[in-house]
1. Starting from the range 50-70, take each residue that is farther than 18 Å from D220 by Cα and list its partners that are of a type in the set (K, R), counting only C-beta distances under 7 angstrom and pairs at least six apart or across chains.
2. Quick one: how many residues across the range 157-185 are touching a residue at least 40 places away in the same chain (Cβ under 8 Å) and in contact with a helix residue (DSSP H, G or I) (Cβ under 9 Å, 6 or more places away or on another chain)?
3. Run R40 past the list (1) within 19 Å of the chain's Cα centre (by Cα); (2) at pLDDT below 80 and report the number of the one that doesn't hold.
4. If you go through the range 129-161 one residue at a time, how many are farther than 30 Å from R48 by Cβ and of a type in the set (K, R)?
5. Got a number for residues in the range 149-178 being farther than 20 Å from P117 by Cα and assigned to a helix (DSSP H, G or I)?
6. I'd like to verify a number: residues in the range 217-234 that are touching a residue at least 12 places away in the same chain (Cβ under 8 Å) and closer than 12 Å to F119 by Cα, how many?
7. When R174 is evaluated against the numbered criteria (1) touching a strand residue (DSSP E or B) at 6+ places or on another chain (Cβ under 7 Å); (2) modelled with pLDDT of 95 or more; (3) surrounded by fewer than 24 Cβ atoms within 10 Å (Cβ to Cβ), which criterion, by number, is the only one it fails?
8. Pick out the one residue from E80, E104 that is acidic (D, E) and at pLDDT below 80.
Amino acid sequence: MIPIVPWAAVLALLAAAALPCSAADAAVLRNGFSIRHERRQVIGTITRLYVDGDDSSFVDVPTAEIDHFEALPAESSRREPAKNNPPQSQSPSANVQPPPDLNEVVRAASGNYHLDPDFVTSVIRAESGFNVRAVSPKGAQGLMQLMPQTASELGVQNAFDPEANVEGGTRYLRELLERYDFDLIKALAAYNAGPHRVEQYGGVPPYYETKAYVARIVRDFNKKKLAAKTASQPAAPKKSGSKATATPVTAAKPHKSVPQTQAKASPAPSQ
């Protein structure tokens, strides 16, 4: 449940989110995470945070989950203290660790297990909506919604620790991809419903929740890849009387050492 905040705070947040970022900013979420980004854009009830200057990678976060924005200091402004100056006493607040950066956490875990960071981010968004303290009715916990038994098998002692949770969840995704010969659809279905269900039905089990889950992640992931592809291509001159069409993202069989980066999924059936 998203807590109700005062209207004044909501209006102030929306006004701040509508402004372009100067250099790099950090969006500090209510769960303690911070997301570094170059610029942001409010789209309906979500705020899109562009983490790269060329808009090739972004994270969609519910606007109500953003507590505030902070301007990050430029790299050039970080200077070493003068050697002749005596050390200054630090206030208690100086020892407080800054909130972890979700981009860095995902990038580190993805690098360890050779997964696409956008893929891991799409899974986190579908699983918990970036809520560190998320708990499902079945008992799954944290950003990547690890079940207690699974977390224990992965060596995750505290599922609410963002770094440990993302590390364990990313490792589990990698294991599932290898188990199903890098079939992204089967791996996602197993992450949601369990490997035993995938093996029981020989693929995605006939559960609406699982089908919708897989389709949601694939759609979000392909949207990021299409945005990156569009951003990397120079704009072609428009011809009179013609309409530009976007090239669809197609599925491709990946190499054994890397996960599938693009896939297609059938839309979930309507209830």
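The values are calculated or read from the model by the stated rules, or taken from the named source; none is laboratory data. Because the structure is predicted, anything quoted here is derived from the model rather than measured. Cβ placement follows ideal geometry from the backbone for every residue including glycine, while neighbour counts extend to all protein chains displayed.
1. Pairs that qualify, where the first residue is farther than 18 Å from D220 by Cα and the partner is of a type in the set (K, R), are E65/R30; D67/R30.
2. Residues that pass the stated criteria total 13.
3. In the conditions (1) within 19 Å of the chain's Cα centre (by Cα); (2) at pLDDT below 80, R40 misses (2) alone.
4. Number of matching residues: 1.
5. Qualifying residue count for the region: 5.
6. Initial filter on the range 217-234 (touching a residue at least 12 places away in the same chain (Cβ under 8 Å)): 217-222, 224-232.
If we keep only those that are closer than 12 Å to F119 by Cα too, we end up with 217-222, 224-225.
Counting residues in the range 217-234 that are touching a residue at least 12 places away in the same chain (Cβ under 8 Å) and closer than 12 Å to F119 by Cα gives 8.
7. Here R174 clears every test but (1).
8. Numbers: E104 fails: at pLDDT below 80.
None of the others qualify; the one that does is E80.
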